[in-house]
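These notes are about the structure you will find just below.
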2 protein chains.
Amino acid sequence: MALFLDIHRNVEGITPEGLAEAHKKDVEVQQKHGVTFKNYWYSADEKAIFCLCEAPNKEAAAAVHAEAHGGVADEIIEVTEGH
Amino acid sequence: MALFLDIHRNVEGITPEGLAEAHKKDVEVQQKHGVTFKNYWYSADEKAIFCLCEAPNKEAAAAVHAEAHGGVADEIIEVTEGH
C-alpha cells in the first residue's frame, strides 16, 4: 500500500459542509477500490483541496473521487511521510 | 494559531536523509517563531515536498524555513483540516 497526496486547484464554491459531504461519499466507496482516505485540508480562499490517502496505486485513488462525486484531482502524487 | 500547508516544487536531489536533516533544523528554530511543524510528505520523483505546520501567520511559517536552511516554499496556503 502506498501513500498519495491529491491536489485539487481552482475549485469554486468550497464550503466545509460540501467537502464533508464529498468526503463521506469517498469513504462510502473507497473500500472496493482498496483505498483509505486519511485526512484532507482545504482553503476556500485559495480554492484548493489536498487529500491524503492510502491506495494500491494512483489509479485506484483517482477512481474513488471519480465514482463518489466526480470531483477528480488535478494531480495525484505518491508521497513518503517524513519523520 | 492557524494551520498552513507549504508546497515546495522542483526541488532537486531530494533524499530522505537530507529532508530529515532539514526538518531537524526547522524544529530547532521553530519555537522562536511560534511555529510547530507537524508532518511532511515528499516525492523525490516529482521533486515535491509538502509541510504541514501550525503558525501564527504565513510569514512566521516562512521565516522558519528561511532561517533553518534557506529552502523556502513556493507556496504557503492557510488550510483547514477536514473531518
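The values are calculated or read from the model by the stated rules, or taken from the named source; none is laboratory data. Everything quoted here is computed from the prediction, not taken from an experiment. Using ideal geometry, Cβ is built from the backbone for each residue, glycine included, and neighbour counts are taken over all protein chains shown. We work out accessible area using only protein heavy atoms, side chains counted, and drop any ligands, DNA or RNA first. Shrake-Rupley method; radii C 1.70, N 1.55, O 1.52, S 1.80 Å.
Annotations for the structure displayed:
- Reported count of residues in the range A:2-14, each being surrounded by 12 or more Cβ atoms within 10 Å (Cβ to Cβ) and in a loop (DSSP other than H, G, I, E, B), is 3.
- Boolean, B:ALA62 is assigned to a helix (DSSP H, G or I), more than 11 Å from chain A (Cβ to nearest Cβ) and among the hydrophobic types (A, V, I, L, M, F, W, C): yes
- Taken over the range B:31-59, residues that are out of contact with any helix residue (DSSP H, G or I) (no Cβ under 9 Å at 6 or more places or on another chain), assigned to a helix (DSSP H, G or I) and in contact (Cβ under 8 Å) with a residue 24 or more places away in the chain amount to 1.
- Of all residues in the range B:33-47 being open to solvent by 30 Å² or more (accessible area, probe 1.4 Å) and polar (S, T, N, Q), the one that is farthest from A:ILE7 (Cα to Cα): B:THR36
- Residue among B:GLU21, B:GLU67, B:GLU78, B:GLU17 that alone is more than 10 Å from the chain's Cα centre (by Cα), assigned to a helix (DSSP H, G or I) and either in contact (Cβ under 8 Å) with a residue 60 or more places away in the chain or over 21 Å from A:VAL79 (Cα atoms) (or both): B:GLU67
- Test: A:ASP26 is charged (D, E, K, R) and more than 8 Å from every other protein chain (Cβ to nearest Cβ): yes
- Selection over the range B:48-68 of residues that are open to solvent by 70 Å² or more (accessible area, probe 1.4 Å) and either of a type in the set (Phe, Trp, Tyr) or closer than 27 Å to B:GLY13 by Cβ (or both) gives a count of 2.
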